[in-house]
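In what follows, a structure is listed as structure tokens, so that the remarks can point back to it.
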């Protein structure tokens with residue numbers, strides 16, 4: 001998700017989205033360990049989106 005799209009969301013939405021993405025990333029780590037994941041690229045995308053959300057939260061303080 002791009003930063004432009006994230007800027008349009010409220011602080012509460014960003015918080016909820018961050019927890020959801022962290023859970024999804026955690027699940028992907030477990031699936032990767034058990035060789036269930038085919039798309040490893042998605043992990044990087046999720047990490048980048050989490051970083052973007054954290055950056056916006058810091059700027060909004």
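Counted over region 3-60 with a bin width of 10 Å, the fraction of Cα pairs per bin, in whole percents, is 23, 48, 23, 7.
Between 48, 38, 15, the residue with the greatest mean-square fluctuation in the GNM of the chain (Cα pairs under 10 Å linked by springs) is 38. Each peptide among 18-25, 54-61 gets the average number of other Cβ atoms lying within 10 Å of its residues, and from highest to lowest they stand as 18-25, 54-61. Between 11, 35, 51, the GNM of the chain built on Cα springs shorter than 10 angstrom shows 35 fluctuating the most.
Calculated mean residue ellipticity at 222 nm for the chain: -26000 deg cm²/dmol, from DSSP H runs with n ≥ 4 weighted as -39500 (n - 2.57), summed, divided by the residue count and rounded to 500.
Just so you know, all these numbers are worked out from the coordinates, no wet-lab data involved. On a predicted model such as this, the values are computed, not experimentally measured, just so you know. Here Cβ is always computed from backbone atoms with ideal geometry, including for glycine, and neighbour counts include all displayed protein chains.
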